[in-house]
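Visitor: Structure provided below as structure tokens; questions to follow.
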Amino acid sequence: MKPTVVIREPVVDDALDQCEARLTEEQIEKVINEVIDKETGGRLWTYINTCIHCGLCSEACHWFLSNDRDVSFAPVTKIKDTLWVMLKNKGKVDAAFIKRCSQIAHTECNCCRRCGMYCPFGIDIAYMILVVRRICAKLDMVPLYLQDTVHSHAATMNQMWVKPDEWIDTLQWQEEEAQGYVPSARLPLEKEGAEIMYSVIGPEPKFLAQLLGNITVIMKVAGCDWTMPATAGWDNSNMAMYSGDFEIMARVERLHHETAQRLKVKKIVMGECGHAFRGAEYDGPTWMGWMKPPIPIVHAIAFYYDLLVSGRIKIAKKVEGPITSQYPCNVIRNAGLGSKLQYIMNEVCEDFVDLIPNDRHAFCCNAGGGTINCGPPWKKIRVQSARLQSENFKRTGAHTIVTPCHNCHSGVEDIVDKYKLGMHVKFFSELLIEAMEIPEDLQP
Amino acid sequence: MYEFVSGPLVWIAFIIFIGGSLYRIFYMLQSSKKEKVVFPHMSLEHSVASLIHWLIPFNNQYMRQRPVFTIVSFAFHICLVFTPIFLLAHVILIDESWNISWWTLSESVTDWMTIIVIAGAVFYLVRRLTDPVVKNVTDTSDFVLLAITVLPFITGFLAYHQWFGTNTMLILHILAGELMLIAIPFTRLSHMLFFVFTRTYFGSEQGHVKNSKDW
Ligand code: HEM
Ligand code: HEM
Ligand code: SF4
Ligand code: SF4
Ligand code: SF4
């Protein structure tokens, strides 16, 4: 088979470059065969033996479509250029090849699973890409910035090197902020036996602390019995899941669930983040053999849906003007929350303009799957390859794009910036705070 | 020659086809047991839903997005599978040997179905040579598989119309048919065996585990 023609601007990523210089072919061969033999089974074998090389999956992928149908971005090509070669050569490949594998798997695929939905056989390319990432991670071939977040997880059990005292300080500060709106609002720490444990991702206390204030107000108005942990285990994000370091992924997920168990809560409600939900609901529990989370996990979209449907939160005045929303793959296509998102958007916005395609067919923002966490070296190609979604946003004519996912939030901000869309990017909770009714007895 | 090709070799071909298929399916199930997720994720309801959406033409979003391909793909596969089974000549042969027979299609219908298969193969060939994505993932084996698929139809057609020495053509036809049967379990033509499994697994994972849909 002729090699794929790959034209890319050169990218300097110190971790990949140094790893390439260091790796030996014996190490590579050993790791590839170990992963294929011990960690994969019927799925990979059947997918490889069933794929009829028809190329139908390419229509699904925003990388392919945004780059003028450059075949090197087509889903099936990504497998051809990685696993086909590894399997054919029984693991005998060189370090430059593994570096290219990491580039493909970590920086040019979001594991958004759209292509799985477009292959007539339902071949799950994203799963195979994760196998490639696994091999790369075992060989330390992981982009620098992504690996840094994994180190942070390993050392601090959160993604952003947040120290224990910073965490508690931030929560107390945000409790005070919230009390500016609703004086009786509380952010209860370590309340054993509460109904809900609320967990967030590392970047919230680090850069987006006001979201913690918002949820404190929302919880008070809705009258929820909730708590947050004062210990590690508060961070539900998981970049190790995306680098391929599943041992650390499992440690993170285990601590998150065990913290909820320690607090004896009935459910975990998580902030607006797609991949965190995926890790806590699916990848973590299946890797550890639990299959299902021990305590149910509720994503923010479903939580707000419940609050609005049950009337625990009432809308005082809908937000004006055309507003659209990104559909985060990990909670829509891969968790079925599409119609709930549409419901809450319509409840809170006067004029919700839907994307086309929408719901589970919507395109990824191109930040997900760890690609945005690969950092500045890879930003140019990532944003360039989100062109298609930028056009979809533009067509809505909205003044604001809602992103109920942290990765999407940053990714969509990059899109708005690069394609000069002039739109605001907001979390759903920011709209909710604007629109909801604060009962008189709670007002200052 | 004809006796051998249409006697023992047919037996051998069918034994390899059926035995090989069973073996490959058994191997697939066995190695899927090694994985934690496969069997616990399966769900009958979502498997059926997935099959309904992917085995009925235009019953999912993507098939509607590419109508020409969908029509060709279904016409090709339906004719490919049903022509040999309901072909008068085949049923007569089986009747003569074992005294069992079943309903058959008229010869002019099967003749047209044969043409559809050949035309479908030409479509796939052209796609393979021109579509950049498909071209990029094509090697000799893809052409060989296409040839193995279409040869029984070309030779059967020629034999039926008695265009080149009927006897030679018949022998070639039977050889081609046998080759195809033998190739199914051991090449990517095994997609015929695995389709149901890959489809129902993905449907189950999407529906049962992820509360979503796969169409
Ligand atoms: C009966 C079950 C079968 C199913 C569900 C099935 C399904 C598929 C699907 C989904 C494709 C992908 C492209 C398309 O949609 O056309 C395909 C392609 C193909 N199939 Fe099948 N198939 C079956 C049986 C067979 C058999 C028995 C053969 C031949 C021995 C065969 C030969 C081919 C060929 C040659 C292609 C085209 C590959 C190319 O693009 O060059 N199929 N099949
Ligand atoms: C394996 C043993 C096979 C035997 C012994 C056999 C035998 C025959 C015979 C005797 C004919 C009639 C030719 C005539 O009328 O002169 C025929 C026609 C045909 N066979 Fe087979 N065949 C075999 C396998 C296959 C297979 C595997 C396929 C396709 C998948 C196939 C497809 C056809 C077709 C399409 C025709 C003619 C259609 C037309 O009327 O244009 N055969 N075969
Ligand atoms: S998973 Fe998403 S990003 Fe990756 S190849 Fe498939 S469609 Fe493209
Ligand atoms: S659509 Fe499915 S069968 Fe076709 S090339 Fe893509 S993965 Fe392979
Ligand atoms: S970042 Fe958002 S849209 Fe993009 S993969 Fe995650 S969930 Fe999908």
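Visitor: For segment A:30-54, name all the residues that are touching a residue at least 24 places away in the same chain (Cβ under 8 Å), assigned to a helix (DSSP H, G or I) and more than 8 Å from ligand 4 (Cβ to nearest atom).
Guide: A:K30, A:V31, A:I32, A:N33, A:E34, A:V35, A:I36, A:E39, A:R43, A:L44, A:I48
Visitor: Which of the residues spanning segment A:150-173 are assigned to a helix (DSSP H, G or I) and open to solvent by 10 Å² or more (accessible area, probe 1.4 Å)? Show your work before the answer.
Guide: Taking segment A:150-173 first, the residues assigned to a helix (DSSP H, G or I) are A:150-156, A:164-173.
Matches in segment A:150-173: A:H151, A:A154, A:A155, A:T156, A:P164, A:D165, A:E166, A:I168, A:D169, A:T170, A:Q172, A:W173.
Visitor: For the list (1) closer than 18 Å to A:R262 by Cα; (2) surrounded by fewer than 18 Cβ atoms within 10 Å (Cβ to Cβ), I need the number of the one condition that A:E176 fails.
Guide: Failing condition for A:E176: (1).
Visitor: Counting only residues that are within 16 Å of ligand 2 (Cβ to nearest atom) and surrounded by fewer than 13 Cβ atoms within 10 Å (Cβ to Cβ), which one in segment B:66-87 is nearest to B:V122 (Cα to Cα)?
Guide: B:V81
Visitor: Right, next: Take A:V265 and decide whether it is part of a loop (DSSP other than H, G, I, E, B), more than 16 Å from ligand 1 (Cβ to nearest atom) and touching a residue at least 40 places away in the same chain (Cβ under 8 Å). Before the answer, list the steps.
Guide: Numbers: part of a loop (DSSP other than H, G, I, E, B): yes; more than 16 Å from ligand 1 (Cβ to nearest atom): yes; touching a residue at least 40 places away in the same chain (Cβ under 8 Å): yes.
Criteria met by A:V265.
Visitor: Please give the helices (runs of 4 or more DSSP H) falling wholly within segment B:78-143 in which 2 or more residues are closer than 18 Å to B:F14 by Cβ.
Guide: Values: elements: B:88-98, B:107-130, B:132-136.
Qualifying helices (runs of 4 or more DSSP H): B:88-98.
Visitor: For segment A:22-63, name all the residues that are among the aromatic types (F, W, Y), buried (at least 21 other Cβ atoms within 10 Å of the Cβ) and more than 16 Å from ligand 5 (Cβ to nearest atom). Spell out how you get there, then give the answer.
Guide: Within segment A:22-63, the first condition is being among the aromatic types (F, W, Y), and the residues that meet it are A:45, A:47, A:63.
So of that shortlist, the ones also buried (at least 21 other Cβ atoms within 10 Å of the Cβ) come out as A:47, A:63.
Hit for segment A:22-63 is A:Y47, nothing else.
Visitor: Something else: Restricting segment A:346-367 to residues that are under 26 Å from B:R64 (Cβ atoms) and open to solvent by less than 10 Å² (accessible area, probe 1.4 Å), which is nearest to ligand 4 (Cβ to nearest atom)? Steps first, please.
Guide: Within segment A:346-367, the subset under 26 Å from B:R64 (Cβ atoms) is A:352-366.
Next cut, open to solvent by less than 10 Å² (accessible area, probe 1.4 Å) only: A:355, A:362, A:364-366.
Working: A:L355: 24, A:A362: 20, A:C364: 17, A:C365: 23, A:N366: 20 Å.
Looking at residues that are under 26 Å from B:R64 (Cβ atoms) and open to solvent by less than 10 Å² (accessible area, probe 1.4 Å), I get A:C364.
Visitor: Right, here's the next one. Suppose we keep only residues that are among the polar types (S, T, N, Q) and open to solvent by 40 Å² or more (accessible area, probe 1.4 Å) within segment B:6-65. Which one would you say is farthest from the other protein chains (Cβ to nearest Cβ)?
Guide: Here is the first cut: in segment B:6-65, the ones among the polar types (S, T, N, Q) are B:6, B:21, B:30-32, B:43, B:47, B:50, B:59-61, B:65.
If we keep only those that are open to solvent by 40 Å² or more (accessible area, probe 1.4 Å) too, we end up with B:6, B:30, B:59, B:61, B:65.
Numbers: B:S6: 31, B:Q30: 8, B:N59: 12, B:Q61: 6, B:Q65: 7 Å.
Checked segment B:6-65; the qualifying residue farthest from the other protein chains (Cβ to nearest Cβ) is B:S6.
Visitor: Something else: Mind counting the residues in segment A:347-372 that are part of a loop (DSSP other than H, G, I, E, B), within 14 Å of chain B (Cβ to nearest Cβ) and under 30 Å from A:V150 (Cβ atoms)? Before you say what the answer is, go through the steps one by one.
Guide: Of segment A:347-372, the ones part of a loop (DSSP other than H, G, I, E, B) are A:353-358, A:362-371.
Going one step further and asking which of them are within 14 Å of chain B (Cβ to nearest Cβ), we end up with A:356-358, A:362-363.
Those left that are additionally under 30 Å from A:V150 (Cβ atoms): A:362-363.
Total satisfying the criteria: 2.
Visitor: Same structure, new question: Considering only segment A:63-133, give the helices (runs of 4 or more DSSP H) lying wholly within it that have at least 1 residues that are among the hydroxyl-bearing types (S, T, Y), within 12 Å of chain B (Cβ to nearest Cβ) and more than 16 Å from ligand 1 (Cβ to nearest atom).
Guide: Details: elements: A:75-79, A:85-88, A:95-102.
In segment A:63-133, no matching helices (runs of 4 or more DSSP H) lie anywhere.
Visitor: Still on this structure: Of the residues A:R333, A:R312, which is touching a residue at least 60 places away in the same chain (Cβ under 8 Å), basic (K, R), in contact with a helix residue (DSSP H, G or I) (Cβ under 8 Å, 6 or more places away or on another chain) and within 24 Å of A:W226 (Cβ to Cβ)? Reasoning before the result, please.
Guide: Working: A:R333 fails: within 24 Å of A:W226 (Cβ to Cβ).
Only one candidate qualifies: A:R312.
Visitor: Counting only residues that are open to solvent by 50 Å² or more (accessible area, probe 1.4 Å) and among the small types (G, A, S), which one in segment A:281-321 is farthest from the other protein chains (Cβ to nearest Cβ)?
Guide: Top of the filtered list is A:A316.
Visitor: Output the residues belonging to segment B:66-77 that are facing another protein chain (nearest Cβ under 9 Å) and assigned to a helix (DSSP H, G or I).
Guide: B:F69, B:S73
Visitor: Cβ-Cβ below 9 Å, separation at least six or inter-chain, first residue in segment A:235-257 and on the phi > 0 side of the Ramachandran plot, second open to solvent by 30 Å² or more (accessible area, probe 1.4 Å): which pairs?
Guide: Listed by first residue and then by second, the contacts come to A:G244/A:K138.
Visitor: Moving on. Give all pairs with beta carbons closer than 6 Å in which a residue from segment A:55-77 that is more than 9 Å from B:V133 (Cα to Cα) and in the same structural domain as A:Y118 (by TED's automatic domain parsing) meets a residue that is within 16 Å of ligand 2 (Cβ to nearest atom) and open to solvent by 10 Å² or more (accessible area, probe 1.4 Å); count only pairs at least 6 apart in sequence or on separate chains.
Guide: Listed by first residue and then by second, the contacts come to nothing, as the list is empty.
Visitor: Then there's this: So which residues in segment A:322-346 are away from chain B (no Cβ under 14 Å) and in a loop (DSSP other than H, G, I, E, B)? Working first, answer last.
Guide: Step one: list which residues in segment A:322-346 are away from chain B (no Cβ under 14 Å), which gives A:322-326, A:342-346.
Passing the criteria: only A:Q326.
Yes/no matrix, rows are residues, columns are (1) closer than 30 Å to A:M1 by Cβ; (2) in contact (Cβ under 8 Å) with a residue 24 or more places away in the chain; (3) within 14 Å of chain A (Cβ to nearest Cβ); (4) more than 9 Å from ligand 1 (Cβ to nearest atom):
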residue: B:A89; (1), (2), (3), (4): no, yes, no, yes
residue: B:W98; (1), (2), (3), (4): no, no, no, yes
residue: B:D111; (1), (2), (3), (4): no, yes, no, yes
residue: B:L125; (1), (2), (3), (4): yes, no, yes, no
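Visitor: Given the condition in contact with a Gly (Cβ under 9 Å, 6 or more places away or on another chain) and surrounded by fewer than 20 Cβ atoms within 10 Å (Cβ to Cβ), answer yes or no: does some residue in segment A:368-380 qualify?
Guide: Checking segment A:368-380: not a single residue is in contact with a Gly (Cβ under 9 Å, 6 or more places away or on another chain) and surrounded by fewer than 20 Cβ atoms within 10 Å (Cβ to Cβ).
Visitor: Among the numbered criteria (1) over 27 Å from A:C111 (Cα atoms); (2) surrounded by fewer than 22 Cβ atoms within 10 Å (Cβ to Cβ), which single criterion is violated by A:F207?
Guide: Of everything listed in (1) over 27 Å from A:C111 (Cα atoms); (2) surrounded by fewer than 22 Cβ atoms within 10 Å (Cβ to Cβ), A:F207 misses just condition (1).
The values are calculated or read from the model by the stated rules, or taken from the named source; none is laboratory data. Please read these numbers as outputs of a predicted model, since none were measured by experiment. For neighbour counting, all protein chains shown are included, and Cβ atoms are generated from backbone atoms with ideal geometry for every residue, glycine included. SASA here: full protein model, heavy atoms, side chains in, ligands and nucleic acids out. Shrake-Rupley method; radii C 1.70, N 1.55, O 1.52, S 1.80 Å.
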